[in-house]
Amino acid sequence: MSERIIPLHDERTRQARPFVPTPHILAKGLITDQLNRPLRDLRISVTDRCNFRCQYCMPKEVFDSNYKYLPHSDLLSFEEIARLSQLFVNHGVKKLRLTGGEPLLRKNIDILIAQLAHIKTPDASPLDLTLTTNGSLLSKKARALKEAGLKRITVSLDAMSDEVFKLMNDVDYPVQDVLAGIQSAQDVGLGRDALGHFSGLKINMVVKRGTNDQEVLPMVRYFRGKGMSLRFIEYMDVGSTNGWKMQEVLPSSELIERIGKEFDLQALPSNTAGETAKRFGFKNQSGHIDPSLGEIGVISSVTQAFCGDCNRARLSTEGQLYMCLFASKGFDLKSLLRTQASDEEITSAIAHLWGQRSDRYSELRAQQNTGSDMGHPPPGHKRVEMSYIGG
Ligand code: SAM
Ligand code: SF4
Ligand code: SF4
């Protein structure tokens, strides 16, 4: 039994109905916030449940058999998610990412994907539809996901060594099964681009110094040459349950230095505005970047905040809209949906909420704290759990 007493900030079931401005604000394919940032990316949590207990996300001490998950009636239905997604896309969202909890635990998730794949963008550009998973159910579901219209996928994997992987997931889940899931995704062509590389298949590793940082190089050795993108994420102080310490963050700069000692890397230009990862390609023997070798990326959420370009909103499992990963409150879009609000009213409410947004938590934290204190939230600041609003 752990001695840690972890206060869980329970933001669920808030019911304040968002303000609906009249005359209604119409969708014009672009809305900007107080810092002139457009809304381009919506992350949708489809379940608050997970079959892993990663200590940095859903530690066992808190998410145990007494933990009360949301009842099914509180979750947004597929129809509600699809309806909201279309309204967000009308406002200029270009990317939808399904997440959780573990999104593949949501029953019939392929049906939701098929509904989202039909969404039309205002300028007829293709919608970027993707999903983040721990990979445990991927062997079973890869084909159905692909056939439903999923274009890209991100698989989280924190180690190559079975021992370290089991320590990270804390449910004794073997690494081989996730690797088999990744193989299934490749076999059905999930994330394969026109050149036959798997640029739309990403592997995310959260790096915790002293726990799995020795796995960084084995991960690079394994995935280099497979045409995928391997991304390293700095361990973040999300939520209030993971006992985060700055000493456990491995800064991306140090990580790149370590990888650079063994592999010849070259920085790549960013693909899109608001891209969170700094990307690097592998050079081949003649000194040129070889895309067939794949690439690596680092997401320096703690040591180099990127709030200035943050174009992401998050929709929680029960339909609360969060403007920042570290926000302490959400806005209850479900209450609009379930009180028969019209599309025009919801569109207007979303535009108003985004227009009010000024969140830039990571930048402020970096300015306020330095050294080992860095990452401590301002006194009284409470944060929701990542499994609830989605990563
Ligand atoms: N269960 C799915 C998975 O693990 O991919 C989707 C949800 S999970 C919350 C989304 C992503 O958030 C995962 O890549 C996970 O590793 C990352 N994550 C969770 N807690 C984190 C933390 N404290 N710091 C950095 N990344 C974290
Ligand atoms: Fe589950 Fe993903 Fe959180 Fe791990 S990171 S506990 S797999 S939701
Ligand atoms: Fe975006 Fe908030 Fe993260 Fe800054 S801290 S990048 S505003 S989610």
Sum -39500 (n - 2.57) across every DSSP H segment of at least 4 residues in the chain, then divide by the residue count to get the 222 nm mean residue ellipticity, nearest 500.
-> -7500 deg cm²/dmol
Anisotropy class of segment 251-301 from Cα gyration tensor, a/c 1.5 cut | oblate
Please tell me the relative contact order of the chain in percent, rounded to the nearest whole number, where contacts are Cα pairs under 8 Å and at least six residues apart.
-> 24
Length-normalised contact order for segment 123-241 - Cα pairs under 8 Å, 6+ apart - percent | 26
Mean accessible area per residue over segment 41-389 (1.4 angstrom probe, all protein chains present, square angstrom) is 40
When the accessible area of segment 121-230 is computed with all protein chains present and a 1.4 Å probe, what percentage of it is carbon and sulfur?
-> 50
Cα to Cα, under 23 Å, and not fewer than 8 places away if on the same chain: which lysines meet these conditions relative to Lys151?
-> Lys94, Lys95, Lys107, Lys120, Lys140, Lys141, Lys202, Lys226, Lys278
Do any trypsin sites (Lys or Arg not before Pro) in segment 16-82 lie in a loop, going by DSSP, with at most 15 other beta-carbon atoms within 10 Å of their beta carbon, and if so which?
-> Lys28, Lys60, Lys68
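Over every pair of different alpha-carbon atoms in the chain, take the mean of 1/r and invert it; report that Kirkwood radius in Å.
Numbers: mean 1/r = 0.0465 Å⁻¹.
Roughly 21.5 Å, rounded to one decimal.
With both partners inside the chain, how many of the DSSP beta bridges are antiparallel, as a percent to the nearest 5? Present the calculation step by step, with values, prior to reporting the outcome.
Numbers: 14 of 44 bridges.
So the antiparallel bridges amount to about 30 percent of the total.
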Of Pro174, Leu150, Thr133, farthest towards positive along the dipole that unit charges on Lys, Arg, Asp, Glu beta carbons give segment 120-175 | Leu150
Ranked highest first by the average count of other Cβ atoms within 10 Å around their residues, in what order do 19-26, 205-212 fall?
-> 205-212, 19-26
Where the accessible area of segment 278-357 is counted over protein heavy atoms with a 1.4 Å probe, how much of it, in %, is carbon and sulfur?
-> 48
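Sorted by average packing, counted as other Cβ atoms within 10 angstrom per residue and highest first, what order do 152-165, 92-105 take?
92-105, 152-165
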Indicate, rounded to the nearest 5 percent, the antiparallel portion of the DSSP beta bridges found entirely in segment 149-284.
-> 30
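The values are calculated or read from the model by the stated rules, or taken from the named source; none is laboratory data. The structure presented is a predicted model; accordingly, all values stated were derived computationally and were not measured. We place every Cβ from the backbone using ideal geometry, glycine too, and count neighbours over all the protein chains shown. Remember, those area values only see protein heavy atoms, side chains included, never the ligands or the DNA or RNA. Shrake-Rupley method; radii C 1.70, N 1.55, O 1.52, S 1.80 Å.
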